[in-house]
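The values are calculated or read from the model by the stated rules, or taken from the named source; none is laboratory data. Just so we're clear, the structure is a prediction, and the values are computed from it rather than from any experiment. Cβ placement follows ideal geometry from the backbone for every residue including glycine, while neighbour counts extend to all protein chains displayed.
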Amino acid sequence: MSGREYIVCVDDEAIILHSLKHELKSDPFFGDISVELAESGRRALDLVREILADGGRIPVLVSDQRMPVMQGDAFLMEAHALVPDALKILLTGFADLSAVVALVNHDVLYRYLSKPWNRHDLVLTIKTAVTAARQKLLIEEQACRIRHLTLAMVSTLESANLVFDEDTGRHIMRIAQLSAHIARSAGLDGDLVDRIRLYAPLHDIGKVGVRKDILQKPSALDPEEFAQVKEHVRIGHRIIDNEEIDPVAKNIVLYHHEKWAGGGYLSGLSGEGIPVEARVVSIADVLDALTNERVYKAPMPLADALAVVRTERGASFDPALVDALLANMPPVASYGDLMAALD
Ligand SMILES: [Fe+2]
């Protein structure tokens, strides 16, 4: 973790603010944390912006409810937009229940404490909040590292494939962006959209196990050669068949050549029997392949490629996903412009 930590406290009464700071600073836990004071919500918002601009982190915000001009709930709502991950604590009397209810319902509030506070409760609550915020940040940093490692792994495997003459990194980004766009357009859950974006580029890793002269053959494949190409699905699955690997990644690798109406390979699944992540990537894979040059074919214009996708609605592709893609297509003339629009 980097950046100095700050706790920002807001109260219109200076004496309360200083007593709050004193309570915290008397506990060694807060030794390395800077406790900043503001006498109004506006001043506190400025303070938050200054701290963030300076590279600081704000694990916890503490605000009084009853203040002139901007009340505590209004301040915490605005602050939430600036620092969504900071845990917010409201100091309030029983008469302010409606403010507490509104903040809880907006998923903004971490805890509320009644005034006058109990010293032990106050220090323990803020300490617990700081610890929880630090743990959340660590988890996010680890997730970020996993994402980078996965992308590095995909890049390495794709480079090993030596299938594409173009820049491997761009191919990976296109499949990731397009798959995420289709998934998002279809209203899939945000977490699943992120995982599809992350793992979609893995779909063809099994091609490392297919002879390069077959993958790069400029003419039609004979049945024996096509049977070998189909094996990339099984080989890919074997490469990532580890219990630590996300099932979303495995499903994409194993099922991205299945067809909605059946008759795809290798498992011969159909309809919703095909995991949705594989149904998404199969559309992105075909659209990307059609619109880009390969050793055996010229690139197809975007409009023609979309017409192919539309024709395959209900045959190769999930009709709902095709509809979602076509309904959310930015007004672009080329595949390159589409990628730029999805950035
Ligand atoms: Fe494939």
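Right, Ala278: farther than 27 Å from Asp213 by Cβ and out of contact with any Leu (no Cβ under 9 Å at 6 or more places or on another chain) or not?
Taking the combined requirement at face value, the residue does not satisfy it.
Could we say that Leu287 is crowded, with 23+ Cβ neighbours inside 10 Å, among the aliphatic types (A, V, I, L, M) and out of contact with any Asp or Glu (no Cβ under 9 Å at 6 or more places or on another chain) here?
Against the criterion (crowded, with 23+ Cβ neighbours inside 10 Å, among the aliphatic types (A, V, I, L, M) and out of contact with any Asp or Glu (no Cβ under 9 Å at 6 or more places or on another chain)), Leu287 qualifies.
Can you find a residue in the range 1-20 that is farther than 23 Å from Asn118 by Cα and polar (S, T, N, Q)?
yes
For the range 301-329, name all the residues that are free of Cβ contacts under 8 Å to residues at least 60 places away in the same chain and among the hydrophobic types (A, V, I, L, M, F, W, C).
Passing the criteria: Leu302, Ala303, Ala305, Leu306, Ala307, Val308, Val309, Ala315, Phe317, Val322, Leu326, Met329.
Within the range 183-199, does at least one residue satisfy the condition of being within 14 Å of the ligand (Cβ to nearest atom) and buried (at least 23 other Cβ atoms within 10 Å of the Cβ)?
Yes.
In the range 155-180, how many residues are surrounded by fewer than 18 Cβ atoms within 10 Å (Cβ to Cβ), of a type in the set (Gly, Ala, Ser) and modelled with pLDDT of 70 or more?
Selection size over the range 155-180: 1.
Considering each residue of the range 85-108, count those that are touching a Phe, Trp or Tyr at 6+ places or on another chain (Cβ under 6 Å) and polar (S, T, N, Q), and give that number.
Of the residues in that region, 1 qualify.
Here's the yes/no breakdown for (1) in a helix (DSSP H, G or I); (2) of a type in the set (Asp, Glu); (3) out of contact with any His (no Cβ under 7 Å at 6 or more places or on another chain):
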site: Asp85; (1), (2), (3): no, yes, yes
site: Ile89; (1), (2), (3): no, no, yes
site: Leu97; (1), (2), (3): yes, no, yes
site: Ala129; (1), (2), (3): yes, no, yes
site: Arg134; (1), (2), (3): yes, no, yes
site: Gln142; (1), (2), (3): yes, no, yes
site: Leu151; (1), (2), (3): yes, no, yes
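When the residues of the range 202-228 are filtered to those that are among the acidic types (Asp, Glu) and more than 12 Å from the ligand (Cβ to nearest atom), which remaining residue is farthest from Met153 (Cα to Cα)?
Asp222
Restricted to the range 229-270, and to residues that are among the polar types (S, T, N, Q) and either more than 16 Å from the ligand (Cβ to nearest atom) or within 26 Å of the chain's Cα centre (by Cα) (or both), which residue is farthest from Ala200 (Cα to Cα)?
Ranking the qualifying residues of the range 229-270, first place goes to Ser270.
Is it the case that Val253 is under 19 Å from Ala186 (Cβ atoms) and touching a helix residue (DSSP H, G or I) at 6+ places or on another chain (Cβ under 8 Å)?
Taking the combined requirement at face value, the residue does not satisfy it.
Just name the residue that is nearest to His18 (Cα to Cα) out of those in the range 104-127 that are of a type in the set (A, V, I, L, M) and outside any helix (DSSP H, G or I).
Once the filter is applied, the top-ranked residue is Leu113.
Within the range 205-229, work out how many residues are charged (D, E, K, R), at pLDDT 90 or above and surrounded by 15 or more Cβ atoms within 10 Å (Cβ to Cβ).
1
Yes or no: Ser19 more than 29 Å from the chain's Cα centre (by Cα), hydroxyl-bearing (Ser, Thr, Tyr) and in a helix (DSSP H, G or I)?
yes
When only residues in the range 49-75 that are buried (at least 21 other Cβ atoms within 10 Å of the Cβ) and within 25 Å of the chain's Cα centre (by Cα) count, which is farthest from Glu39 (Cα to Cα)?
Pro59
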